[in-house]
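Structure first, commentary second.
Only the coordinates and a few stated rules stand behind these numbers; no lab work does. Just so it is clear, the model here is predicted, and its values are computed rather than measured. Backbone-built Cβ (ideal geometry, glycine too); neighbour counts: all protein chains shown.
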Amino acid sequence: MYQGRCLCGRVSFSISGQLGAADMCHCRQCRQWTGHVLASTEVARTALTITGIENLTWFHSSAKVRRGFCSHCGSSLFFDPLDTQKHQWIGVALGAFDDKTDVSIAQHIFVAEKGDYYPICDGAPQHDH
Ligand SMILES: [Zn+2]
C-alpha cells in the first residue's frame, strides 16, 4: 500500500498493489501545471482510492485529459486521461507520495519541449514526444 497527499492534506490517496511505469514529462502543459516537470506513475484506476475528493478541482487541459489539483493548496496530483476504455490507468504525481515509491524514472517524454535551465542527467531514455 502506498499513500500520499497534497501539501495541506485535504486531499489524500492510497494505492493498493504495485506502482506502474514512472516517467517525467517535460511538455509545456506539464511544466506550467507543476512549475517544473511532471514526474508521475501510472496506477490502475481500480487500485486508487482518493480521500477528500470534494477538495479536488479538475482542470481540462485538453479534450483528452483532465488534471486534478487541490483546491486549497494547489498541489498537482492526478493526470487523468478521459478515454477510460483506452486508458485503464491514471497518472499520480510522484512528488505527492508520503514515503517510498519503489519505482524509478523509466523514461523522459516530450523532451523537445523541455526548459533550457536544466540538464537531464539520469541516463533514462529520452523521447522528443
Ligand atoms: Zn491541499
Note on segment 1-119: contact order normalised by length, alpha-carbon pairs under 8 Å, 6 or more apart, percent, works out to 34 percent
In terms of the alpha carbon gyration tensor, root eigenvalues a ≥ b ≥ c, rounded if a/c is under 1.5 and otherwise prolate when a/b exceeds b/c or oblate, segment 43-106 is oblate
With -39,500 (n - 2.57) per DSSP H segment of 4 or more residues and division by the full residue count of the chain, the 222 nm estimate, nearest 500 deg cm²/dmol, is -1500 deg cm²/dmol
Correct response: the longest run of the chain lacking exposed trypsin sites (Lys or Arg not before Pro), defined by DSSP loop and at most 13 other Cβ within 10 Å, is 1-63
Within the set 80, 102, 23, GNM on the chain using Cα springs under 10 Å gives the largest fluctuation to 102
Inter-part gap, Cα centre of segment 109-125 to Cα centre of segment 46-72, in whole angstrom, is 26 Å
Scoring only Lys, Arg, Asp and Glu (+1, +1, -1, -1) among other residues with Cβ under 11 Å from the Cβ of residue 41 yields -3
Counting Lys and Arg as +1 and Asp and Glu as -1 over every other residue whose Cβ sits under 15 Å from the Cβ of residue 15, the net charge comes to -2
Restricting to lysines and to Cα separations under 18 Å from residue 86, and discarding same-chain partners fewer than 8 apart, the set is 64
Segment 19-129: antiparallel bridges as % of DSSP beta bridges, rounded to 5, reads 85 percent
Amide H neighbours of residue 11 at under 5 Å, excluding residues fewer than 5 places away on the same chain, with H built from the backbone geometry, are 6
The percentage of Cα-Cα pairs in the chain separated by more than 17 Å is 57 percent
Neighbours of residue 73 by Cβ distance under 12 Å: Lys/Arg at +1, Asp/Glu at -1, summed charge +2
Expressed in angstrom and rounded, the centroid-to-centroid distance over alpha carbons for segment 1-28 and segment 79-105 is 6 Å
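Need one number for segment 16-72: average projected area of the convex hull over its C-alpha atoms, nm².
4.7 nm²
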In order over segment 75-85: 3J(HN,Hα) from phi, Karplus 6.51/-1.76/1.60, θ = phi - 60°, whole Hz, x for each Gly or Pro, gives 4, 7, 10, 10, 10, 10, x, 6, 7, 6, 6
